[in-house]
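One structure below.
The values are calculated or read from the model by the stated rules, or taken from the named source; none is laboratory data. Note that the structure is a prediction, hence the values are computed from the model and not measured. Positions of Cβ are generated from backbone atoms using ideal geometry, with glycine treated the same way; all protein chains shown enter the neighbour counts. Surface areas here come from the heavy atoms of the whole protein model, side chains and all, with no ligands, DNA or RNA. Shrake-Rupley method; radii C 1.70, N 1.55, O 1.52, S 1.80 Å.
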Amino acid sequence: MDILDFVTKNMNPPQKDAIETLNGPLLILAGAGSGKTRVLTHRMANIIGQGAAAPDGILCVTFTNKAAKEMEHRIYKILGDMGIMVREQLWVNTFHSFCVRVLRSHITLLDYKQFFTIYDSSDQLSQIKKVMTALGINDKMYPAKNFQARISNAKMLGLTPEGLERSSKRLMDQKTVEVYRAYEVEMKRANSLDFDDLLMKTYDLFRMYPDVLKMYQEKFQYIMVDEYQDTNHIQYLIVQLLAKAHRNLCVVGDEDQSIYSWRGADIKNILDFEKDFPEAKVVKLEENYRSSANIVNAATAVIKNNSQRKDKTLFTSNPEGDLINVREERNEYDEAKFVAKTIQTMMNEGEGSYNDYAVFYRTNAQSRVLEEQLRTLAIPYRLVGGVRFYERMEIKDILSFMKLAINPADDIALKRIINVPARGIGKTTIDKIEEFSAQKNMTMYEGARNAVEQKIFNAGTTGKIRRFLDLMDELQSSATSFKLTDFYHIVLDRTEYLAALKKDESPEAQARIENLEELDNAIAQFAKERGEEASLISFLEEMALVSDVDSLDQEQNSVTLMTLHISKGLEYPYVFVVGVEENLFPSGRATESENPEDVEEERRLAYVGMTRARQKLWLTYTKMRRVWGQEQFNPPSRFIKEIPPSFISFKSAAEAPRFVNRYGDSSGDLYESKWGSTNSDRNKARNTGGDDFDTQDFPDYDGDGGGMNYSKGMRVRHPTFGVGTVYATEGAGDNLKVSVMFTDNTVKKFVVKYARLERV
Ligand code: ATP
Ligand code: MG
């Protein structure tokens with residue numbers, strides 16, 4: 001089949017147009033669920049298939065690592081189905097991971113060492129506090145968090161300390177400049193970058209080294225950006241630089257889904273695209289394939305109340321479906337109970353699997369009662385966000401050992417673990433080492449060694465520091481000589497970290513051990529996926545970039561709980577949005593704000609939340625809710641009132657007579673199961689995601705048979721599982737393993753030497 005026919009199969013005319021249009025600036029502007037992401041994936045496959053650019057000559061940027069991985073898998077699958085093999089690694093990235101890839105190759109030009117560490121927000125805060133102490137700035141008068149936010153804002157605008165100084169007048173701004181400047185010096189000394197630096201340094205690199213920029217401009221013949229409405233200024237600048245030469249830039253987005261202005265996203269980037277590129281072609285996608293007509297119409301009715309938007313249409317040919325369920329409850333407990341009960345009843349009736357259900361809320365704190373009620377009914381759930389796995393103490397401790405082993409200049413890591421587990425090096429000693437190192441303009445690692453050699457401390461303390469340094473020396477050499485998976489165990493063992501936890505019999509210690517086991521699983525999985533490329537540095541890089549949506553256990557069958565912000569781009573057959581009340585959603589900050597744009601952004605969030613649902617949508621609110629220990633009585637959200645009543649099925653449990661059964665459960669009787677969906681409805685819900693890549697566990701299946709060379713995208717046949725596409729390989733020679741995705745979307749992994757695979 002012709003490549004173009006293949007990649008545009010089942011696409012509607014504007015989708016086809018967007019996939020076919022390769023050259024020049026292209027803006028795809030479309031509402032939720034209209035296939036924007038799908039078009040990008042197929043467009044990229046088209047460029048590769050047509051040979052318009054090499055597979056690694058296309059840059060595709062998206063918002064989360066999860067989205068990036070999914071896109072990459074789909075592209076390999078589409079290409080594989082066309083019989084096209086791809087050997088190169090694709091550049092499907094988030095902005096941050098793209099920048100890491102660039103900086104890893106060129107950061108020495110900016111006078112950093114190649115193995116830099118990436119600081120997360122808590123590392124960054126420690127660093128800022130350290131700087132403030134040195135500058136004698138009082139944390140009580142000027143909270144460190146304020147500086148953190150201001151520095152981050154400056155970087156998102158691409159402002160250096162000098163640039164900020166020029167644009168600022170007030171006292172606090174002057175202080176920010178001072179802290180920012182000293183912070184930069186410290187970060188450089190620690191050979192470390194924060195998240196904003198990843199973007200900012202890449203931008204600096206491109207500006208300061210035109211030949212490097214030119215190389216990337218020439219390399220990336222085509223650039224595509226998904227979720228363009230949520231790019232911030234520095235991301236915008238980077239894209240502009242890269243696309244300048246050839247102008248083959250395709251951006252995709254929906255201004256109605258711009259929900260990250262609080263993180264510096266600038267909706268103007270998408271609204272002004274046609275100004276930046278007057279010759280731009282604009283494609284509008286207007287058909288929603290995701291949701292039932294009632295859901296599409298209700299969401300459209302809500303977003304119409306915003307003024308800051310481009311006029312666009314969204315329709316669907318999907319059936320009307322159920323009405324939107326609006327539910328009133330007395331308080332947040334009843335609300336959570338209602339959600340849990342509804343899921344339980346539907347599951348008992350055979351509606352979908354737990355994976356098909358998602359509950360969204362405005363703030364993280366709302367998850368606790370939901371978790372309680374789900375646990376009570378033994379419903380498996382997965383919390384996305386909240387205290388993130390990689391922010392847990394034990395995980396950060398162990399990763400700090402690993403980081404320090406490859407970047408001895410990382411003072412924040414050193415301070416974190418020099419006395420972990422307790423080895424008698426107290427705070428005064430650590431402070432002294434820090435002071436001493438600063439005087440000598442050394443890293444703390446060098447400073448500590450110097451202090452030992454010069455016997456600055458008494459014999460006891462000197463001995464303790466020396467043992468720590470010996471330990472780190474040993475880990476440094478192990479880091480280079482052992483495989484990642486083995487190195488992890490060496491760290492757990494040699495630092496005596498695990499032993500210390502095992503001695504501690506508290507339940508917390510037990511939970512920490514379990515988390516370390518989970519990290520072991522993560523490392524093993526990473527090593528499996530990356531094969532030979534699974535280095536310590538690449539692992540730490542990946543860990544530093546893990547975002548909220550990329551939790552470890554994607555495959556687990558469970559209900560998903562997450563904030564509305566995180567739900568962007570995802571889809572679920574059944575969606576509950578809870579707490580749809582004034583002063584919570586829209587937030588109190590927005591309702592009280594004088595700037596009407598704040599409520600508009602909340603409304604976009606409502607639009608995002610509602611349009612995640614394929615089949616059924618619940619909006620719940622309570623008459624009373626406890627917030628910070630206080631009872632609050634808020635009216636139902638204006639967003640509910642903006643939905644025409646004809647799309648709504650309303651029920652109140654708050655006023656109806658209540659029957660309390662002997663278990664004290666007071667909501668079950670009021671619940672009516674009127675979900676009346678048929679099997680074919682359910683199948684429809686699943687089928688709308690036709691080309692969804694279904695990630696599954698990779699069972700190790702070793703068959704037998706002869707070995708040969710395999711590469712990504714190759715079509716193969718297995719005697720038992722049929723025809724499939726190779727989408728990952730690892731190892732080499734006798735150890736060569738391939739992951740194959742079969743036509744039913746299951747993934748199996750084989751050791752080639754033993755598998756009875758043949759090329760087709
Ligand atoms: P969002 O605005 O939420 O990011 P989107 O515009 O990126 O949504 P996609 O996620 O690409 O939309 O597509 C939504 C759903 O519709 C997916 O399940 C996708 O597979 C399906 N879809 C898109 N286009 C078509 C089509 N032409 N035929 C059938 N299904 C389609
Ligand atoms: Mg999308």
- Item | Where chymotrypsin sites (Phe, Trp or Tyr not before Pro) in DSSP loops with at most 13 other Cβ within 10 Å are excluded, longest remaining stretch of the chain | 1-627
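Just by accessible area at a 1.4 angstrom probe, what is the order of 423, 604, 466, 638 from largest to smallest?
466, 638, 423, 604
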- When the Kirkwood hydrodynamic radius is evaluated over all pairs of different C-alpha atoms of the stretch 589-631, what value in angstrom, to one decimal, is obtained? 12.8
- Keeping all protein chains in position, work out how much accessible area residue 530 exposes to a 1.4 Å probe, and write it in Å² to the nearest 10. 80
- Query: Which whole-Hz couplings ³J(HN,Hα) result when phi for each residue of the stretch 437-445 is put into the Karplus expression 6.51 cos²θ - 1.76 cosθ + 1.60, θ = phi - 60°, listed in order with x for Gly and Pro?
  - Reply: 5, 4, 4, 8, 6, 10, 6, 5, 4
- Message: I need the GluC sites (Glu not before Pro) found in the stretch 346-454, filtered to DSSP loop residues with at most 13 other beta carbons within 10 Å of theirs.
- Response: 349
- Note on the structure: Any trypsin sites (Lys or Arg not before Pro) in the stretch 249-299 that lie in a DSSP loop and have at most 16 other Cβ atoms within 10 Å would be none
- Message: What translational diffusion coefficient, to the nearest whole µm²/s, does the stretch 435-560 have by Stokes-Einstein, given a Kirkwood radius computed over alpha-carbon pairs, a temperature of 25 °C and 0.890 mPa s viscosity?
- Response: 140
- Expressed in µm² per second, the diffusion coefficient of the chain from the Stokes-Einstein equation, with Rh the Kirkwood radius over alpha carbon pairs, at 20 °C and 1.002 mPa s, is 76
- Query: Which value in nm describes the separation of the simple spin-label points at residue 376 and residue 760, placed 7 Å from the Cα toward the beta carbon?
  - Reply: 5.2
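How long is the gain from residue 308 to residue 140 if the chain were fully straight, where each residue apart is worth 0.36 nm and the alpha carbon distance is subtracted?
Working it through step by step, the gained length comes to 56.5 nm.
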- Note on the structure: Output for the stretch 460-508: GluC sites (Glu not before Pro) sitting in coil per DSSP, at most 10 other Cβ within 10 Å, listed by number, reads 505
- What list of ³J(HN,Hα) values in whole Hz, one per residue of the stretch 467-472 in order, does the Karplus curve 6.51 cos²θ - 1.76 cosθ + 1.60 (θ = phi - 60°) give from phi, with Gly and Pro shown as x? 4, 5, 5, 4, 4, 5
- Using a basic spin-label model with each label point 7 Å from the Cα along Cα→Cβ, how many nm lie between residue 391 and residue 743? 4.7
- Message: Give me the net charge for the shell around residue 156: Cβ to Cβ below 15 angstrom, other residues only, Lys and Arg +1, Asp and Glu -1.
- Response: -1
- For residue 331 and residue 520, compute 0.36 nm times the residue count separating them, minus their Cα-Cα distance, and round to one decimal in nm. 63.9 nm
